[in-house]
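The values are calculated or read from the model by the stated rules, or taken from the named source; none is laboratory data. Please read all numbers here as calculations on a predicted model, not as lab measurements. Please note: Cβ atoms are built from the backbone with ideal geometry, for glycine as well, and neighbour counts cover all protein chains shown.
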């Protein structure tokens, strides 16, 4: 019961922080305001999140968990959803439906402030890179991706292409999200996929393994969003408080990727 109560309290804190960040922007939201909005004491917030930065980074990580779960369900429904182009298209549409993720992917400083940089340099990024390398290797081994480029280059192409679409805004002054998502998928497909239609039997055979990889990644993200406990985001920071940080442990950036 104690653990369940703690989990519920963390969710209330994250809900309050997310709501206030969307309303006022990261720079204006204090721990005191989050506590008041959540209906708890300021000290209770610090029991779970020892710095303001770790609290709001956990808000963004929690949003990312929902995105991964949506991808998992898409792969269960149709294994072709595991491929980079299909993932890019689905993720683009999902991100645009979620204001906080949209702000994170488009580096919206009005909403995120310094977190727009900190999210790019999050300690969790290393785990994402490991997962991406494993997935690219798997796809290449089964004839689903081209092999004339190395994995690092292919991953760079995918990330750079997606970033460009998130930062470029609407097409022709309009907001045709499905059209933009389809254009993103086409670009990724032409750059990375093996020519031709992917073998449905190969996709079906790989789906359980890919789903398992994403489930493990989602579980790790979920743990990271739960605060500064042994498996929380604060515990994952490899370096001590940076020189020049204020009392909340914040600096201008954790570093760009």
Quick check on my filter: what residues within the stretch 4-40 are out of contact with any helix residue (DSSP H, G or I) (no Cβ under 6 Å at 6 or more places or on another chain) and not in a helix (DSSP H, G or I)?
30, 39, 40
Are any of the residues in the stretch 39-60 surrounded by fewer than 21 Cβ atoms within 10 Å (Cβ to Cβ), within 18 Å of residue 131 (Cβ to Cβ), under 17 Å from the mean Cα position of the chain (by Cα) and in contact (Cβ under 8 Å) with a residue 12 or more places away in the chain?
no
Modelled with pLDDT under 85, in contact with a helix residue (DSSP H, G or I) (Cβ under 8 Å, 6 or more places away or on another chain) and farther than 22 Å from residue 68 by Cα: does that describe residue 239?
no
Subset of the stretch 75-91 [crowded, with 19+ Cβ neighbours inside 10 Å and free of Cβ contacts under 8 Å to residues at least 60 places away in the same chain]:
81, 87
